[in-house]
Amino acid sequence: MPNTASSARQWVEEVARLTRPDRVHWCDGSREEYDALVAQLVRDGGLIPINDGQFEDCYLHRSDPSDVARVENLTFICTADREDAGPNNNWMAPDEAHRLLDGLFQDCMRGRVMYVIPYCMGPINSPYARCGIEVTDSAYVAVNMYLMTRMGAKALERIEREGTFVKGMHSIGELDPERRYIMH
């Protein structure tokens, strides 16, 4: 089934049924939304303003020391053929990866907001840019997607126009280093 705008909505609804967030927020990519998320993170202690007088809009974020971007032994390339993963990568069959991640994501956003982030990597009108939808329960991730991508309405419009998108799921989870998978 092709990834159309309706399949994008269906996919987000499926993720919400699996993860059970208290609320779903579709990010619009506006500066107002960014400022509100930053203010929320400052209030909650997730961001600490750095020397307001000299460095406007600069913040310190302290992450858990065990929360690293890459955990090599738990990072997998999920393809039908093991050879497609390459010689130096861990491989997992897609069906096995889905079963594993469905179990880990079950109810993982209960009590949290699920941010739905339509984004574009590259200029919106570039034929080389790729669009996706990231779902996360981390306001910090949503803020960083604002800084790193072109997110919001224009990205969603391109997704609807082209009918394809990259699906990305992220959760704060529980920070158990033995259950922190990265699947491609």
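The values are calculated or read from the model by the stated rules, or taken from the named source; none is laboratory data. Just so it is clear, the model here is predicted, and its values are computed rather than measured. Backbone-built Cβ (ideal geometry, glycine too); neighbour counts: all protein chains shown.
In segment 15-63, the qualifying residues are those that are of a type in the set (Gly, Ala, Ser) and assigned to a loop (DSSP other than H, G, I, E, B), and the one that is nearest to the chain's Cα centre (by Cα) is 29. Which one of these does residue 45 not meet: (1) small (Gly, Ala, Ser); (2) over 17 Å from residue 182 (Cα atoms); (3) surrounded by 11 or more Cβ atoms within 10 Å (Cβ to Cβ)? Answer for residue 45: the failing condition is (3). Close contacts from segment 76-88, counting a first residue that is closer than 14 Å to residue 184 by Cα and a second that is assigned to a loop (DSSP other than H, G, I, E, B) and β-branched (Val, Ile, Thr), with Cβ to Cβ under 8 Å and a gap of 6+ residues or different chains, come to 85/79. Residues in segment 130-147 that are under 12 Å from the mean Cα position of the chain (by Cα) and either farther than 15 Å from residue 37 by Cα or free of Cβ contacts under 8 Å to residues at least 12 places away in the same chain (or both): 5 in all. Counting the residues of segment 92-138 that are within 18 Å of residue 179 (Cα to Cα) and of a type in the set (A, V, I, L, M, F, W, C) gives 9. All of 123, 127, 118 fail the test of being within 10 Å of the chain's Cα centre (by Cα) and either more than 20 Å from residue 32 (Cβ to Cβ) or not aromatic (Phe, Trp, Tyr) (or both), apart from 118. Taken over segment 23-45, the criterion of being closer than 12 Å to residue 113 by Cα and among the β-branched types (Val, Ile, Thr) is satisfied by 24 alone.
Among the conditions (1) under 17 Å from the mean Cα position of the chain (by Cα); (2) modelled with pLDDT under 90; (3) hydroxyl-bearing (Ser, Thr, Tyr), residue 4 misses just one, which is (1). All conditions in (1) exposed (fewer than 14 other Cβ atoms within 10 Å of the Cβ); (2) among the polar types (S, T, N, Q); (3) within 24 Å of residue 151 (Cβ to Cβ) hold for residue 40, with the sole exception of (1). Quick check, is residue 21 closer than 23 Å to residue 152 by Cα, surrounded by 12 or more Cβ atoms within 10 Å (Cβ to Cβ) and at pLDDT 90 or above? So residue 21 passes the test. Once segment 82-94 is narrowed to residues that are modelled with pLDDT under 90 and outside any helix (DSSP H, G or I), the residue that is nearest to residue 13 (Cα to Cα) is 92. Close contacts from segment 162-184, counting a first residue that is touching a residue at least 24 places away in the same chain (Cβ under 8 Å) and a second that is surrounded by fewer than 12 Cβ atoms within 10 Å (Cβ to Cβ), with Cβ to Cβ under 8 Å and a gap of 6+ residues or different chains, come to 163/2; 164/2; 175/64; 175/66; 177/66; 182/70.
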